[in-house]
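All remarks here apply to the structure that follows.
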Amino acid sequence: MTLRDRILALVREASYVPADEPELARRLGLPKKQRTQLKFELRQLLRDAHLARGAHGRLVAAAAKAPPTRAAKGRAVFTPTHRGPAMPPPEAPFPGAPGPARAAAAVPAPPPRLNRGEVAGRIQFRAGGSAFVVREGEGGAGEPAIQVFPEDTGVALPGDRVVVRVIPGRRGRRPGERIGEVLRVLERVRTAIVGDLRRGRKEFYVQPDDPRFSREILVGDPARAGLTPAPREGDKVVVTLGEWRDRFEPLRGQLTARLGRTHEPRAELLGIFTKYDLATEFPPAVEREAEALPDRVGARDLANRLDYRTKPVFTIDPDDAKDFDDALSYEELDGGDVRVGIHIADVSHYVVPGTALDAEAQRRGNSTYLVGVVIPMLPEKLSNGLCSLVEAQDRLCKAVFLTFGRNGRVKDTSYANTVIRSRKRLTYKQAYAFLFEDRLDRIRALPLPPKHQTGSTGRALRDLTDAELADLQHWIRALWRIASRLRQERMAGGSLDLDMPETKIFVDPAGYADRLEKIEHDESHQLIEEFMLAANEAVARLTRTRALPSLYRVHDEPEPDKLEEYRALLATFGLRVGDLTHRAELVKLLQTLRTHPQGYTLRTQLLRSLKKAAYRATPDGHFGLHKRDYTHFTSPIRRYSDLVVHRVLDSYLVRQRGAGRPAYDLNRVERLGEHLSLTEINSAEAERESVKIKLLEFFERELERRPPVRFAAIITDVRANGFFVELLESMTFGFVSTDSLAGDFYVLTDDGTTLLGRRTKRRYHLNDRLEVTVDRVDRYKRQIDFRPVA
């Protein structure tokens, strides 16, 4: 959400009291360095009649302007529309409690008036300047996007909400695909653009970081921008766009921030913060409330809780985990039964509705995990302290208890508030060793994760006694026997195995990417996953059967047309499959792709053919998991959705004792679901951007290594001018140009699968494996070129 949107959302709130500029800055929680940008945005909003001056010069919302009905080709008009608050107002605060420091995010404006042949939607650009518009509203679901040629995009920019006119008689390449032209811009989504400051012949300009943003933005003399220090050529900067009404005129803007030198880790990081509106600091009211919380669990906190501090409880997390949401307990009962506890940090005990803490957590929606940096949903005192289930500290939890009979089936499910003390903070690598390594001396030799990469290292395994190591090994292996059965039954029931290897980028203490590691979804990951899935399902079943208003994690069935397109894509790779609308065919295909040379690429394409999971107030089921009941319960430190579900569970537990009332009404949960689905998408896009930047940084540094590092790769696509490769370890994609194939002239064979050397007859064939080195890295186009090892 941009600063402009936040201002409008704030002044349009029903509870808004007219304020002057300093008070607005305070309510928006802006640091001093953003005051210049605030002044610029207020001038723009006053000029465009979105704001007006009231008594004593205080700012108030003005009536929205009506958009014009048509615009001539090539002269598309930008006409902003009213945007109301996306979120319900936070619950009424208790007397004297501070209110939220920021305005909530905004929802799309009401549907515009459209003439015949006109369609409203979001426009997305390609690097070459062409674009496509995805129709908004339920009627657009599953429809092919409307294609727009570069010359027909008007004054639209990436992500804008636009009206397009469908051009009669023109059809695209795909069945049902149409061609259109932009008539007007309804909503400029991004007004603050991050890019590289450069000097042209006559003027300075900003080259946006986003390769899909193909227009340069002219800016004035950086020395007169009012920034200290003044930006200079080669700096990473933020520019706020000015009005743009004519595509034949240059796009102009005003420099509003200097982030540092381009490609420095800190500058790149600040660019992501700006682009995705990620707040790195908490408003003062939130910090005050966090500081007022106790430093440790007190005696009063233990009321109505099961005491698990002396029972076998431990955590298993990645090496670089910053916070620890979940822990497992293991108990052997009389008669051979086993009780497994899934203990989840009880954030709801500390983050109470009506507080600034809750309002800010709700606004953020979730933590955002960039490479080497976390933008937490909660202040550090909670996320890394009081709520994090660190080793050897008392922590409050909400737990789901699953009792398994000797046959491995669930006999009983119960829910409780608990207090735990984790015996050990384990990494996945350590847990894997406990599963498959019998020699304790080898397990003991495993290292701790680096301190700068994690929120807590825990004790080194070498400091544990043989008895402690043996106990951990017994519990972990016993839990895996149960989890493996749960997984087998889930897969046999039609759950889709969509887990794929992950490339983890590790940074050095200075913030530079210095190591890539392929993370396999091995048995240690699967152990945790199965118990988290079981807990999520159990809580969702409880809230559905008890008719408790709650959030559900919903994954709708895919569109048949999307699956048919994917089926046609598979055929180009020589894969013949049946009707993919039948679950059995999808399951069979995924098994095939596990060993296919292009398996990773094709599974990624399958994910794009499926619908996105979302949060909803109705238990509509989860297609991928093939479950009727599913929610998110297990990560309340980093997801507000889980905090909502915790409050619902807490209200159930209180009512079991004869008191309390429902935590939410259905209408409020519905609006929360819409908001949290949007914040999740924003964070996911920021995380992807972070990975792209750090991958480019890593491979650019590889250019300096001598001798150059060799990477194992596979050819994924062949073109006349070269071929694309995927690195097997990091799953990074790049291009090998025919210019780098020395000693011969290569031509594409008739079947399009091979480059053949005319003289040497050397072949580079689809699915061939080879070794490559880094040849060139283009940070601006975000491309990596490789060169085959001779």
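Normalised by 2.2 N^0.38 Å, where N counts its residues, the alpha-carbon radius of gyration of region 396-502 equals 1.28.
How do the peptides 642-650, 755-763, 719-727 rank, highest first, by the average count of neighbouring beta carbon atoms within 10 Å per residue?
642-650, 719-727, 755-763
Counted over region 167-260 with a bin width of 5 Å, the fraction of Cα pairs per bin, in whole percents, is 2, 12, 21, 20, 13, 9, 8, 6, 5, 3, 1, 0.
Rg over Rh of region 491-561, using C-alpha atoms and the Kirkwood radius, what does it come to? With Rh from the inverse mean 1/r over Cα pairs, Rg/Rh is 1.13.
The relative contact order of the chain, computed from alpha carbon pairs under 8 Å that lie at least 6 residues apart in sequence, is 9 percent. Evaluated over the Cα positions of the chain, the convex hull gives a direction-averaged projected area, one quarter of its surface, of 38.0 nm². Multiplying the residue separation of ARG758 and LYS311 by 0.36 nm and subtracting their alpha-carbon distance yields 153.7 nm.
Using the 1.4 Å probe convention, the accessible area of region 251-310 works out to 54 Å² per residue with neighbouring protein chains retained. Could you please report the charge total around LEU464, scoring K, R as +1 and D, E as -1 over all other residues with beta-carbon less than 14 angstrom from its beta-carbon? Here the count lands on +1. Between the alpha-carbon centers of region 233-273 and region 384-436, tell me the distance in whole angstrom. So the separation of the two Cα centres works out to 47 Å.
Among 391-400, 300-309, 606-615, the peptide with the highest mean count of other Cβ atoms within 10 Å heads the list, and the full ranking is 391-400, 606-615, 300-309. Dividing the helix sum by the residues of the chain, where each DSSP H run of 4 or more adds -39500 (n - 2.57), gives a mean residue ellipticity at 222 nm of -8500 deg cm²/dmol.
In terms of Cα atoms, the Rg and Dmax of region 448-494 work out to 16.0, 44 Å. The Cα atoms of region 361-401 give a gyration tensor whose axes a ≥ b ≥ c have a/c of 1.5 or more with a/b greater than b/c, which makes the shape prolate. Here the Kirkwood formula puts the hydrodynamic radius of region 592-712 at 18.5 Å, using every distinct Cα pair. Residue-normalised convex hull volume from the C-alpha trace of region 412-453: 148 Å³ per residue.
Cα convex hull, region 537-578: 119 Å³ per residue, rounded to a whole number.
Label positions at VAL17 and ARG671, each projected 7 Å from the Cα along the C-beta direction, are separated by 2.2 nm. For region 185-234, a Kirkwood hydrodynamic radius built from all Cα pairs, placed in the Stokes-Einstein relation at 20 °C and 1.002 mPa s, yields a translational diffusion coefficient of 178 µm²/s.
Residues ASP514, ASP246 ordered from highest to lowest accessible area at a 1.4 Å probe: ASP514, ASP246. How high is the FRET efficiency between GLU704 and ARG201 when r is their beta carbon distance and R₀ equals 41 Å, given to the nearest 0.05? Rounded to the nearest 0.05, the efficiency is 0.80. Taking all protein chains into account, the per residue accessible area for region 437-511 stands at 51 Å² (1.4 Å probe). In this label model, ARG212 and HIS765 are separated by 3.7 nm, measuring between points 7 Å along each Cα→Cβ vector.
Diffusion of region 634-790 by Stokes-Einstein, at 20 °C in a medium of 1.002 mPa s and with Rh set to the Kirkwood radius over alpha-carbon pairs, works out to 108 µm²/s.
For region 455-590, the ratio of Cα radius of gyration to the globular rule of thumb 2.2 N^0.38 Å stands at 1.47. Sorted on the mean count of surrounding Cβ atoms within 10 Å across their residues, most packed first, peptides 777-785, 667-675 read 667-675, 777-785. Which of rounded, prolate or oblate describes region 268-412 when judged by the alpha-carbon gyration tensor and an a/c cut-off of 1.5? Prolate.
The values are calculated or read from the model by the stated rules, or taken from the named source; none is laboratory data. Predicted, not measured: the structure shown is a model, and the values here were computed from it. Glycine gets a Cβ as well: all are built from the backbone with ideal geometry, and neighbour counts include every protein chain shown. Just the protein is used for accessible areas: all its heavy atoms, side chains included, with ligands, DNA and RNA removed. Shrake-Rupley method; radii C 1.70, N 1.55, O 1.52, S 1.80 Å.
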